[in-house]
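Please treat every number below as a calculation from the coordinates, not as lab data. These numbers were taken from a predicted model, which means no experiment stands behind them. So basically every Cβ, Gly included, is an ideal-geometry build from the backbone, and we count neighbours across all protein chains shown.
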Amino acid sequence: MSSIRTALRLLKTPGRMITPLAQKGFFDWMSDEAYLKLRFRCEMGYKLDLENPQTFDEKLQWLKLHDKNPLYPQMVDKYRAKEYVASVIGQQYIVPTLGIYDRYEDINFEELPQQFVLKCTHDSGSIYICRDKSHMDRERAEHILKRGLKRDPVRYAREWPYRQVPRRIIAEKYLEEEGHQEVKDYKIFTFSGKAAVIQVHMDRFTNHISNIYSPDWELIPASFNYPSDPRRVVPRPENLELMIELAETLAQGLPHVRVDFYSVGSRIYFGEMTLYHCGGFGKFGSEEWNYKLGELLVLPSAAK
């Protein structure tokens, strides 16, 4: 029944059919530009203008096609990015790695501590958090990670850097903030090396919301992909200035990158670097902010 319901839902929203079909290689014959134009039109509801892109989402598609920085494959690899980031801002901001595996079957759970995190190195969302190994749901972990290993960002989003990213599973140290089930995730959007907005994710595994703040920690009446809740007061992080400084250091020389950090007490840990937020198919609560971020993203003139 669940398969039938899924099929019916997809038929009602044809744009959502493109990703699963792309995963199966249905559009492999299409050029990157042709595929992106097709998916953008179906999913975003307006024509992708690559000659004169204006919105944030349009410009991210343009960058996929024209910005071929050779550092990008290492930056987006959740395993190899640690070495790169440590060389730029320091090893003290890196979440310790407990293991790296080509297959789920390669994981030796006996060697892992009572608490740990498993996630795929090449995609977004394929993560399993183990807070107590003695009560771990092995079946769910296997399902999440094996499904994640099959996901191909090149096929469904044409994100070229992932052609050089091996699909693997990484085990990391479990981070916990006292009194909370999960640590807050601060996503810092940078443009031409400067922080512009910060997205804070909360209740990721229950009632996922994300509030948007300025670098001065003023709430911005906007939402990206997840609903915001102005009633949820997020205290200004005590290490906000340092997080912004680190993000801007990592963003130097790049037209745009989102740099994620976790804040645990007085400690800051690097999360990941994202070049194409939501693959360039992000949904804004107000199109005003799609255009505002688009204005901030200055495309490299050499490639125009």
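In terms of packing, defined here as the mean over residues of other Cβ atoms within 10 angstrom, the peptides 266-276, 142-152, 100-110 line up highest first as 266-276, 142-152, 100-110.
Summing charges over neighbours of G193, with a neighbour being any other residue whose Cβ is under 12 Å away from its Cβ, gives -1 when K and R count +1 and D and E count -1. Taking each of K64/K283; K78/K173; K68/K184 in turn, the alpha-carbon distance tops 24 angstrom for K68/K184.
The peptide list 112-123, 64-75, put in order of mean Cβ contacts within 10 Å with the highest first, becomes 112-123, 64-75.
Treating each Cα of the chain as an identical point scatterer and summing with the Debye formula, the log10 of I(q)/I(0) at q = 0.07, 0.10, 0.12 Å⁻¹ comes to -0.27, -0.58, -0.86. For the pair E142 and S266 in one chain, pulling the backbone fully straight at 0.36 nm per residue adds 41.3 nm over the alpha carbon distance.
Compared with the rule-of-thumb size 2.2 N^0.38 Å for a compact globular protein, segment 96-174 has a Cα radius of gyration ratio of 1.10.
Summing charges over all other residues whose Cβ lies under 9 Å from the Cβ of D152, with Lys and Arg as +1 and Asp and Glu as -1, gives +3. Taking 0.36 nm per residue of separation and subtracting the current Cα-Cα distance, fully stretching the chain between L219 and S134 would add 26.5 nm. Note on the chain: dipole from Cβ charges, positive end direction compared against I100, V200, L60; the farthest Cα belongs to L60. Between V298 and K47, the contour length at 0.36 nm per residue exceeds the alpha carbon distance by 88.3 nm.
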